[in-house]
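J.: Just dropping this structure here.
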Amino acid sequence: MNTAASQLFGGQLNVVNIGLSMFEDDIRSQGAPVRTLDWTPPGGGKPEVIAALDALARPENAGRIEAANAEAVDRIKNAKPMLVGFGRAIDVVPGMTPTTILHSGPPVAWEDMSGPMKGAVTGALVFEGLAKDLADAARVAATGEITFSPCHEHQCVGSMAGVTSPSMYMHVVRNETHGNYAYTNLSEQLAKILRMGANDQSVIDRLVWMRDVLGPMLKEAVEFTGPIDLRLMLAQALHMGDEAHNRNIAGTVLLFQALAPGLLQSSFSEAQKKEVFDFIASSDYFSGPTWMATAKAALDAAHGIEGSTVVTTMARNGVEFGIRVSGLPGNHWLTGPAQKVIGPMFAGYKPEDSGLDIGDSAITETYGFGGFAMAAAPAIVALVGGTVEDAMAYTRDMALITTDQNPNVTIPALGFQGIPTGIDVRKVLETGILPVINTAIAHKDAGIGMIGAGITHPPVDVFEKAILALADKLA
């Protein structure tokens, strides 16, 4: 019988394969053209996640969520972070005490910390005079006399291990639109540095110089220059080829240009001014922490909006990856396992030497630059791996999981499209697309430091936990 089915399979087939790529190989081996669609069911096919997505999509919830998300994203877009000063953490950071050590990512106890974070903590304790050497610092850290707390719970962010101690100098960033403040410590530049877990005497000596010379000179500089508009400077940096997470060539030039007149007018000696100028020139990363505080100031203003599914924090401590969501206010962390970072390694190191993903610097992607804006900085692939086409594709993909575009920070290569803004946990789970993060790789052991850079993603677990918590809250 000449049925429609026999006619279909008796002729030339052009196949679209949805799901497992193994079927593509079988079809192609039989001579049929095939194209595979990379697709996964919403919520990974998990019934409880799908039920939560359905609950949030009900008419009584959907409109409320859309309004809340619009408010959250407006707060991010309209934030105007201004660099208003520098000061010691003990003097400016809420909740800082002489025996407090802040760290990156969600909460973690000393005994559970990764190698790089333990290395940074012990180095900071020696720097602060709370321990006489690294062995003594490990003992002190285990006594319970030191308060360990996430940077994010103190209006702070810290790159890599994020370790921040009382006498470290901090950026002071004020969100002029909403009145909140954000803080981050100074760049040690790139080398054997505390934030990567290194802690020898050269690291301690550099921290002492930063405390006694660099920090105070920067403080005086801003007193001369007045507040510096960081959102405007960030937008300029992206137009000049940065993505402002791991590529900061333009941003550092712009920031130095703004600070230089004040540095020159400061009360420090000519020799000390030369030391600071040489230090800034030693690495393009000088402005990296500045953009982290910029993003933190904007995202904190968007936190705590009832019903919002917008992510306001992504942070990693080398053991766990944590997110916070606007509609789950306070310090409601959703956590999952920290992931590996995949990318080029420095000579002499292998992937098995790598620690797991670590740092608060994913606040940049949470805002919409860094990995989300790689289309603005195709040269970043020389550091993190991949191709220029990959860099463009990452930005396009991130538009699929975000709520809007930020017209104040744009990407020339995409027709001056605004950066993707407002990660929506619903869209992450509906599309199966995870946020992309480009980041440095620290050695898994304390005392060594940075050994590469690459690309990573959050674990899907954190978004599943978020959607379940949001559905429960709106029930």
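The values are calculated or read from the model by the stated rules, or taken from the named source; none is laboratory data. Since the structure is predicted, the reported quantities are computational estimates derived from the model, not experimental observations. Here Cβ is always computed from backbone atoms with ideal geometry, including for glycine, and neighbour counts include all displayed protein chains. To get the accessible areas, we keep the full protein, side chains included, count just its heavy atoms, and leave off ligands, DNA and RNA. Shrake-Rupley method; radii C 1.70, N 1.55, O 1.52, S 1.80 Å.
J.: How charged is the neighbourhood of GLY454? Take every other residue with its Cβ under 15 Å from the Cβ of GLY454, and add Lys/Arg as +1 and Asp/Glu as -1.
T.: Net local charge, GLY454 excluded: -1.
J.: Still on this structure, I have one more. Return the distance in nm (one decimal) between the two label points of a simple spin-label model at PHE416 and ALA191, each offset 7 Å from Cα along Cα→Cβ.
T.: A separation of 4.2 nm, rounded to one decimal place.
J.: Stretched out fully, how many nm does the piece from ALA109 to GLU270 gain, at 0.36 nm a residue minus the Cα gap?
T.: Once the chain is fully extended between ALA109 and GLU270, it gains 53.5 nm.
J.: Related question: How about LYS296: which aspartates and glutamates have a C-alpha closer than 12 Å to its C-alpha, ignoring those fewer than 8 places off in the same chain?
T.: GLU153, ASP360, GLU365
J.: Continuing with this model, one more query. Calculate the length of the line joining the C-alpha centroid of the range 142-164 to that of the range 402-475, in whole Å.
T.: The two parts, judged by their Cα centres, are 22 Å apart.
J.: Right, something else. Roll a 1.4 Å probe over the protein chains and send me the accessible area per residue for the chain in Å².
T.: The answer is 39 Å² per residue.
J.: Give, in whole angstrom and from largest to smallest, the semi-axes √(5λ) of the equivalent ellipsoid of the range 81-293, with λ running over the eigenvalues of the Cα gyration tensor.
T.: 28, 19, 16
J.: Relative to the present Cα-Cα distance, how much length would full extension add between ALA475 and ILE249 at 0.36 nm per residue of separation?
T.: Details: separation 226, 0.36 × 226 = 81.36 nm, distance 4.82 nm.
Taking ALA475 through ILE249 to full extension adds about 76.5 nm, to one decimal.
J.: Taking amide H positions as placed 1.01 Å from N in the peptide plane, with prolines and chain starts having none, which residues 5 or more places from ASP404, or on another chain, fall under 5 Å of its amide H?
T.: Close amide H contacts, sequence-distant or interchain: THR421.
J.: On to the next question. Taking the Cα centre of the chain as origin, work out the dipole magnitude from +1 charges on Lys and Arg Cβ and -1 charges on Asp and Glu Cβ, in debye rounded to 20.
T.: Working: 33 positive and 50 negative charges, 68 e Å.
In debye, rounded to 20, the chain gives about 320.
J.: Pairing the Cα long axis of helix 288-301 with the longest principal axis of the chain, what angle in degrees results, from 0 to 90 and rounded to the nearest 10?
T.: Once rounded, one gets 70 degrees.
J.: Within 10 Å of each candidate Cβ there may be at most 16 other Cβ atoms; applying that plus a DSSP loop requirement, which trypsin sites (Lys or Arg not before Pro) in the range 44-148 survive?
T.: Loop-located and lightly packed - LYS132.
J.: Another question, if that's okay. Got a sec? Which residues in the range 170-212 would a label at ASP133 touch, if it sits 7 Å along Cα→Cβ and we count backbone N under 15 Å?
T.: Residues passing the 15 Å test: 200-202.
J.: Separate question: How much net charge surrounds MET160 when only the other residues with a Cβ under 11 Å from the Cβ of MET160 are counted, with Lys and Arg +1 and Asp and Glu -1?
T.: Net charge in that neighbourhood comes out at -1.
J.: To the nearest Å, what is the center-to-center distance of the range 244-286 and the range 324-338, using C-alpha atoms only?
T.: Between the Cα centres of the range 244-286 and the range 324-338 lies a distance of 36 Å.
J.: So, counting K/R as plus one and D/E as minus one, what does the shell of residues with Cβ under 14 Å around THR439 add up to?
T.: Details: positive: ARG195, ARG247, ARG316, LYS340; negative: GLU243, ASP357, ASP360, GLU365.
So the surrounding residues net to 0.
J.: Would you mind checking LYS80/LYS273; LYS132/LYS444; LYS192/LYS274; LYS80/LYS219; LYS46/LYS473 for any pair whose Cα atoms are more than 28 angstrom apart? Don't skip to the answer; put the middle values down first.
T.: Values: LYS80/LYS273 30 Å; LYS132/LYS444 25 Å; LYS192/LYS274 22 Å; LYS80/LYS219 21 Å; LYS46/LYS473 20 Å.
Beyond 28 Å between Cα atoms: LYS80/LYS273.
J.: With the full set of protein chains in place, find how many percent of the accessible area of the range 127-189 is carbon and sulfur; take the probe as 1.4 Å.
T.: Numbers: 960 of 2070 Å².
Ligands and nucleic acids excluded, carbon and sulfur reach 46 percent.
J.: Projecting each Cα onto the charge dipole of the chain (Lys/Arg +1, Asp/Glu -1 at the beta carbon, about the Cα centre), which of CYS151, ALA375, ALA466 comes out farthest on the positive side?
T.: The one lying farthest along the dipole's positive direction is ALA375.
J.: For helix 230-239, what angle does its Cα long axis make with the longest principal axis of the chain, in degrees from 0 to 90 and rounded to 10?
T.: 60 degrees
J.: Now for a different question. What angle do you read, to the nearest 10 degrees and between 0 and 90, between the alpha-carbon axis of helix 249-265 and the longest principal axis of the chain?
T.: For 249-265 against the chain, the angle is about 20 degrees.
J.: Can you list the aspartates and glutamates whose alpha carbon sits under 15 Å from that of LYS350, skipping same-chain ones fewer than 8 residues off?
T.: ASP445
J.: Which number do you get for Rg(Cα) / (2.2 N^0.38 Å) in the chain?
T.: Here the Cα radius of gyration is 1.03 times the empirical estimate.
J.: Between the range 196-236 and the range 168-195, what is the C-alpha centre distance in whole Å?
T.: Measuring centre to centre over Cα atoms gives 8 Å.
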